[in-house]
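Participant: The following block contains the structure, expressed as structure tokens.
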Amino acid sequence: MVFRCQRDSWARQFATRVVSCRAAELRPEGGGEPVRGFQVVLEDTILFPEGGGQPDDRGLIGDVPVLRVTRRGPEAVHFVQAALEPGAEVLLSLDWERRFDHMQQHSGQHLITAIAEQMFGFKTTSWELGRQRSVIELDTPSMTAEQIEALERSVNEKIRERVPVLVRELAADDPEIETVSGGKRTDDIRGTRITAVIKLLGTEKGKKNKTNLVFLAGNRVLKSIEQSYSTEKALTSLLKNGPGEHIEAVKRLQNSVKVLQKNNLNLLRDIAVLIARDFKSKPAQSQLFVLHRKEGDSEFMNIIANEIGTEETLLFLTVGDEKEAGLFLLAGPVEAVENLGPRVAELLGGKGAGKRGRFQGKATKMSRRGEVQALLQEFISHQSPEA
């Protein structure tokens, strides 16, 4: 069945009747719990069902939002969260902004596909209309920068020539269907040649011996320019120089950050050594050494463990947030660490691994450090001669 949306892409409202309505569930695209609702079939629809590389439309049936439109054989199935009475006359309203964006991308794909094959013999094997950018899979291992530039120039020349739109309906068994870009379909389809402003963003490696050509069409090009200009203005304000100097300014900042990071790492190492020496200088050393520091990393903790020595002392070291995520290190006699390491990780809500008297990993519940310290203290008390 060819739907009204395929016969008239510009229709924004349409009166029709409800054919059927049955309870169903919709699984959100991003995952999560299924949404309870109803699958509604109408006599005809101006809401395009998902398929052929193009996402589905959105809109209203009366005042009920349509959350998904899919194809089931010759029918378009509309998922809504309110029941609709079969036989009832309803008014369909289209989310035109979403539809027009999809039309521009779809039309741009047709034009790019036709010119790419005409100029270079690159056939389109599939395409995907994404939320922010679209991708055409071309049957070629690669494209040169010169080919991309020539292709973009050619498709935009065709746009400037104002080639008229051609819409034709083809039956599923029509041999000419093979010439319509996008591949064979099992139902009646229409071939379209609608053009829009197009920007080719470049290529990405695709499947075996294929290349993904990334593009924007129509209003997405304008939005991309607006976003780039806003970014440029913000960088000009932050970097205190003109757009032409942004790259060099960022490179200088990156170099400065690297120097600061190196200096910070050296200071952390020095602090680790001083902490260990301070502990060792005390006349009566404890069998348990506990330390938490917000700033630090695994190397910082391992330096402390190396300097103190772990033959007789049990060390519990942590870095990061005091209550949430961070890193931990348990070091000490091999047998003690093998016994206590997994229990420490469990208490801290994390994971870790160990060998040769050290067990370290990531934690998500640093607020439970006190419980770990109590566990270690109890272990030591049971190991003492008085126990």
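Participant: Just tell me which aspartates and glutamates come within less than 20 Å, Cα to Cα, of LYS262; anything on the same chain fewer than 8 places away is out.
Facilitator: ASP270, GLU295, ASP297, GLU299
Participant: I would also like to ask the following. Per the Debye formula with a single identical scatterer at each Cα and no solvent contribution, what log10 I(q)/I(0) holds for segment 272-383 at q = 0.17 Å⁻¹?
Facilitator: Here log10 of I(q) over I(0) equals -0.73.
Participant: Restricting to DSSP H runs of at least four residues, report the calculated mean residue ellipticity at 222 nm for the chain, -39500 (n - 2.57) per run over all residues, nearest 500 deg cm²/dmol. All intermediate terms of the calculation are to be shown ahead of the outcome.
Facilitator: Values: 8 runs with 142 residues, N = 387.
The helix-only estimate for the chain comes to -12500 deg cm²/dmol at 222 nm.
Participant: So between SER228 and SER298, what do we pick up on full extension, going 0.36 nm a residue minus the alpha carbon distance?
Facilitator: Length difference between fully extended and current span is 21.3 nm.
Participant: May I pose another question? Need the full-extension length gain, ILE159 to ALA249, defined as separation in residues times 0.36 nm minus the C-alpha distance. One decimal, nm. Walk me through the numbers on the way to the answer.
Facilitator: Working: separation 90, 0.36 × 90 = 32.40 nm, distance 3.85 nm.
My answer for the length gained is 28.5 nm.
Participant: Can you figure out the FRET efficiency of VAL290 with SER256, using R₀ = 30 Å and their beta-carbon distance, to the nearest 0.05?
Facilitator: Values: r = 36 Å, r/R0 = 1.20.
So, using R0 = 30 Å, E works out to roughly 0.25.
Participant: Would you work out the relative contact order for segment 4-94, in percent, from Cα pairs under 8 angstrom that are 6 or more residues apart?
Facilitator: Working: 212 pairs, mean separation 32.5, N = 91.
Relative CO of segment 4-94 lands at 36 percent.
Participant: Turning to a different aspect of this structure: What FRET efficiency would be calculated for the residue pair GLN373, LEU265, taking the C-beta separation as r and a Förster radius of 41 Å, to the nearest 0.05?
Facilitator: 0.90
Participant: For the chain, build the convex hull from the C-alpha positions and give me its volume per residue in Å³.
Facilitator: Details: hull volume 91.7 nm³, N = 387.
Dividing the Cα hull volume of the chain by its residues yields 237 Å³.
Participant: Over 17 Å, how big is the tail of the calculated P(r) for segment 197-301, in percent of all Cα pairs?
Facilitator: Roughly 75 percent, once rounded to a whole number.
Participant: Could you tell me the calculated FRET efficiency between GLU89 and VAL35, based on Cβ-Cβ distance and R0 = 30 angstrom, to the nearest 0.05? Could the numbers behind the result be given before it?
Facilitator: Values: r = 26 Å, r/R0 = 0.88.
About 0.70, to the nearest 0.05.
Participant: Say each of LYS205 and GLU335 gets a label point 7 Å from the Cα, pointing the same way as Cα to Cβ; how far apart are those two points in nm?
Facilitator: Simple spin-label model gives 5.2 nm for this pair.
Participant: Set Lys and Arg Cβ to +1 and Asp and Glu Cβ to -1, take the dipole of segment 1-159 about its Cα centre, and tell me which of MET119, ILE148, GLN13 lies farthest positive.
Facilitator: Going by the charge dipole, the pick is GLN13.
Participant: Moving to a separate point now. Helix 96-120 versus the longest principal axis of the chain: what angle, 0 to 90°, nearest 10, using Cα atoms?
Facilitator: 80 degrees
Participant: Next question, about the same structure. Of SER237, SER281, SER228, which has the largest mean-square fluctuation in a 10 Å C-alpha GNM of the chain?
Facilitator: For the chain, modelled as a Gaussian network with Cα springs under 10 Å, the answer is SER281.
Participant: Still on this model: Would you mind telling me the antiparallel percentage of the DSSP bridges in the chain, rounded to 5? All intermediate terms of the calculation are to be shown ahead of the outcome.
Facilitator: On the way: 67 of 73 bridges.
Roughly 90 percent of the DSSP beta bridges within the chain come out antiparallel.
Participant: Moving on. Of the candidates ARG36, ARG293, ARG98, which one comes out as most mobile in a Gaussian network treatment of the chain with C-alpha springs shorter than 10 Å?
Facilitator: Answer for the Gaussian network model of the chain: ARG293.
Participant: Hey, fewest Cβ within 10 Å first, where do CYS5, CYS21 land in order? If you can, show how the numbers build up before the last one.
Facilitator: Working: CYS5 22, CYS21 19.
Fewest-to-most ranking of CYS5, CYS21: CYS21, CYS5.
Participant: What longest range of the chain stays clear of loop-exposed GluC sites (Glu not before Pro) (DSSP non-H/G/I/E/B, at most 15 other C-beta within 10 angstrom)?
Facilitator: Details: sites that count: GLU29, GLU43, GLU50, GLU161, GLU295, GLU311, GLU312, GLU322, GLU324, GLU386.
That would be 162-294.
Each value in this text was obtained by applying a stated rule to the coordinates, not by laboratory testing. This one's a predicted model, so the numbers in the text were calculated from it and none came from an experiment. So basically every Cβ, Gly included, is an ideal-geometry build from the backbone, and we count neighbours across all protein chains shown.
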